[in-house]
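Some notes on the structure that comes next.
The values are calculated or read from the model by the stated rules, or taken from the named source; none is laboratory data. Only a predicted model underlies this, so the values are computations on that prediction, with no experimental measurement involved. Every residue, glycine as well, gets a Cβ built from its backbone with ideal geometry; the counts of neighbours run over all protein chains shown.
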């Protein structure tokens, strides 16, 4: 039989997550298993193989890294005038790179919030004209978040 084993501990102290019975098929047999609750981050898997004579062997473990699903970012106000408030509470203790680009893809502003950033940060929009823009947020260890916003100043 085959036992799928899992750990988050760099290949130490594996736990059984699924036992799969082997068949008497001669040739190549395919087995699969989907881990329903892996942790966000590094997951290590190996297969424990138990032979009919009672002997046991193990495959080399494999690393599978799972990222958090991209989270949205709350921008306020939208439309904005001179400042844009970002809610970064989902990214506490993470360095964040941000970029604002035009709709044509030209990067107009970029910056970095270090890991000690506030839950709420402000971007100064005073130099920008009225129009549509795209904000790219790249938090450390997470997928990029992309959000469109509008600047509509009163003249």
TODO: Considering (1) over 24 Å from the mean Cα position of the chain (by Cα); (2) within 30 Å of residue 18 (Cα to Cα); (3) buried (at least 16 other Cβ atoms within 10 Å of the Cβ), say which one residue 56 fails and leave the rest.
DONE: (3)
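Here's the yes/no breakdown for (1) farther than 20 Å from residue 40 by Cβ; (2) loosely packed, with under 15 Cβ neighbours inside 10 Å; (3) modelled with pLDDT of 95 or more:
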{"position": "73", "(1), (2), (3)": "no, no, no"}
{"position": "84", "(1), (2), (3)": "yes, no, yes"}
{"position": "94", "(1), (2), (3)": "no, no, no"}
{"position": "103", "(1), (2), (3)": "yes, yes, no"}
{"position": "108", "(1), (2), (3)": "yes, yes, yes"}
{"position": "122", "(1), (2), (3)": "yes, yes, yes"}
{"position": "136", "(1), (2), (3)": "yes, no, no"}
{"position": "147", "(1), (2), (3)": "yes, no, no"}
TODO: Assess whether residue 50 counts as being over 30 Å from residue 119 (Cα atoms) and without any contact (Cβ under 8 Å) to a residue 12 or more places away in the chain.
DONE: no
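Considering only residues that are assigned to a loop (DSSP other than H, G, I, E, B) and within 14 Å of residue 121 (Cβ to Cβ), which ones fall in the range 50-92?
Step one: filter the range 50-92 for residues assigned to a loop (DSSP other than H, G, I, E, B), giving 51-55, 59-61, 67-73, 77-79, 81-82, 88, 92.
Selection gives 73, 88, 92.
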Task: Meets criteria (free of Cβ contacts under 8 Å to residues at least 24 places away in the same chain, surrounded by fewer than 13 Cβ atoms within 10 Å (Cβ to Cβ) and on the phi > 0 side of the Ramachandran plot) for residue 131 - done: no
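Being surrounded by fewer than 13 Cβ atoms within 10 Å (Cβ to Cβ) and either assigned to a loop (DSSP other than H, G, I, E, B) or touching a strand residue (DSSP E or B) at 6+ places or on another chain (Cβ under 9 Å) (or both): is that true of residue 23 here?
Values: surrounded by fewer than 13 Cβ atoms within 10 Å (Cβ to Cβ): yes; either assigned to a loop (DSSP other than H, G, I, E, B) or touching a strand residue (DSSP E or B) at 6+ places or on another chain (Cβ under 9 Å) (or both): yes.
Yes: the conditions hold for residue 23.
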